[in-house]
1. For the chain, list the DSSP H helices whose alpha carbon atoms reach 15 Å or more along the long axis and whose average Kyte-Doolittle value is -0.5 or above?
2. Treat each spin label as a single point 7 Å out from the Cα along the C-beta direction, and report the Ser111 to Leu453 distance in nm.
3. What number in nm² do you get for the range 535-604 if you take the convex hull of its Cα atoms and divide its surface by four?
4. Would you mind listing how long the range 127-200 runs along its three principal axes, going by Cα atoms, in whole Å with the largest first?
5. Please report, for the Cα atoms of the chain, the Rg to one decimal and the Dmax as a whole number; what are they, in angstrom?
6. Among the aspartates and glutamates, select those whose C-alpha is under 19 Å from the C-alpha of Lys165, and discard any that sit fewer than 8 residues away in the same chain.
7. Compute the orientation-averaged projected area for the range 42-108 from the convex hull of its Cα atoms and round it to one decimal in nm².
8. Put +1 on the Cβ of every Lys and Arg and -1 on every Asp and Glu Cβ in the chain; which of Ala583, Ser30, Pro609 then has its Cα farthest towards the positive end of the dipole?
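The values are calculated or read from the model by the stated rules, or taken from the named source; none is laboratory data. Just so you know, these numbers come straight off a predicted model, no measurement behind them. Cβ coordinates were reconstructed from backbone atoms using ideal geometry, including for glycine residues, and neighbour counts include every protein chain displayed. For the accessible areas, the whole protein counts, side chains as well, though only heavy atoms, and no ligand, DNA or RNA atoms are used. Shrake-Rupley method; radii C 1.70, N 1.55, O 1.52, S 1.80 Å.
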Amino acid sequence: MSDIDSLRDLGLTRGPDGPTLRVWSSSATSIDLVVDDAPHDRVVPLTRGDGDVWSATDGALTPGRRYWLRADGPPGRGNAFDPSRELLDPYARGLGRTGRGTWQSAVVDESFDWGGVAKPRTPLDRVVVYEAHVRGLTRLAPFVPEELRGSYAGLAAESTIAYLKGLGVTAVQLLPIHQHVDEERLVAQGIENYWGYNTLSYFAPHTAYASRDAQLAGASAVLREFKGMVRLLHEAGIEVYLDVVYNHTAEEGEAGGPVTSLRGLDGSRYYRHDAAGDPVDVTGCGNSIDTSTPAAARLVLDSLRYWADEVQIDGFRFDLAATLGRGADHVFDPEHPLLTAIVTDPALEGVKMIAEPWDVGLGGWQTGAFPPGWIEWNDRFRNRSREFWLTDVAAARADGLPPSGLGSFASKLSGSSNIFARERGPVAGLNFITAHDGFTLLDLVSYDAKHNLSNGEGNRDGTDDNRSFNHGIEGESVNPWISDARRRSMRNLLATLFVSAGVPMLTAGDERGRTQHGNNNAYCTDSELTWVDWSDEPWHVALRDDVAALTRLRAENPALRPIRFGVDGACTLSANEMAWYSASGVEMHPDEWNDVAVRTVQHLVTSTPEHEEPNSVLVVVHGAETTITATLPSPDGVAGYEALWSSDDRGLPAGSAPGDDIVVSGPTVVVYRIV
């Protein structure tokens, strides 16, 4: 197998003799380039060269031109050679549909005037991620021109950017924008893959997310609109992260799945197979990219380089990232060459790399196991936060006591040092309460069980492990007591997200109480059910204002966003010095951490300045539906407490001096700054 470093300049490149196309295949016996050169197609044979790279030079490969590949080779497990089949160039920067509804590669004009606008390069401790769907974010937005709603241009509209800035987010993380198609099963059912985790091309932007005018103008215009979106967001200081699906492709399973590119060029090498030649599927999607092979690893790296450089993308969230770290034996290896290369490649310096640290294969759950330089979705934070504020409270209602104590919740609040290695620090964890996959925030506090019948799978799809609490009634309720309790729970969950150490991620619409009516797997619904609802009921506005207040509070208080873990007995710059107090204002006793009857803790964090002024914050957490009197702690050096925010919408509690008593009606979070 050729070495990864020999696989340079794959795809279409410009040279003194004209455009050259380079394609990798070790198994093919012939590959032809076919250029749409009406009235007749031009057929140009590719020549095999060093490292099994095939190439041809043809002056007709100019912007706007369509082209495709045809490959022949021996029969065998994993391959699907057919010299009559049209195949996509894996490196095509643009795609276009034929009259038959199939796709062809398109040469694009990649020129673009960035106007000197640079990447924001927001420091990790200041990042606030907003996970959004390009179409879903603005499809119903009344403040976006109708012809731009649901498009790249709509996301970059002045009013959309103003909303994001007002909310306090620093980065938008977009669900897959690589060109994707619907699975054949969904097409047969008359539904579609709304989320987009079914990639057709790792280099071309999804055409349907462009405005109508750009779609009609062709692939170059679609790419130009996408770059324009990035530029405008960067001008506003907002980074752009892409959710990327390098673990599998839209070619689905080998038994009758579509053949569009990799499988027709060298499927036995691009996809995972066992020693007998049978496919190894660790993604649950019918195929898994074999990143132990140089060509597949190179494809991933080259795609990342293209988007980070040519399109100025600031970060990537890797779907099922554990798959990328599996070796030739299909076992996850945290030192896998590709995982290391992604975070050490000089061409990707400064780009945020975020792993979804699991897949569905053996040993697939790898939270905390990725190498330094990676950020990981912290599912342990999600789970414990939901338990503490929801299922623990539900259990207390039913049985009088919750099932677990404060200890594990406190560890998540302070950065999950039990999960991430000390040298990686708390910013190795991306904290979240909800994501695209699962309940929305409102549904999390409104449903005890999923309601996915509209997906057409008999409610079998989607997780049953929601750790949710409906607060007494399943679904919508007009009962004011239940509505108030649900909204307080949402505020408590949001507060936990933004006052915890780590990188916070908010899901689009959660700040407005968006609902999917209990559907926790709405991947196949492109409708009002999944689009952000921009109606402005008073409680929607209030919740949005709470999020804006929390992001502002986080930005203004470096004690809430440490970069490093501290070491007992030593001063570690950009870490936190922490103290934990009980409701009575004295330091927590070790026995109290596991005592299920103890539901109140006061978390005092003091920054160790490196780049900002010294700062101390007290976070009071009361996780029970009771009213208590708590005593503010009296550590040395604390003169007073300035109340900043409370999840109790009746206002901030009185008391501003050490030793003062405050009345806290729970469940509640209260945040003070030390003065």
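1. On the way: long enough: 219-235 (24 Å, 0.22); 294-309 (22 Å, 0.14); 480-499 (28 Å, -0.07); 538-556 (27 Å, -0.18).
Going by DSSP H runs, the hits are 219-235, 294-309, 480-499, 538-556.
2. 5.8
3. Numbers: hull surface 30.8 nm².
With the hull built on Cα positions only, its mean projection is 7.7 nm².
4. 42, 30, 16
5. Reported Rg and Dmax, both Å: 26.4, 87.
6. Asp125, Glu131, Glu235, Glu239, Asp314, Asp510, Glu511, Asp533, Asp536, Asp545, Asp546, Glu556
7. Values: hull surface 22.6 nm².
Computed as one quarter of the Cα hull surface, the answer is 5.7 nm².
8. Result: Pro609.
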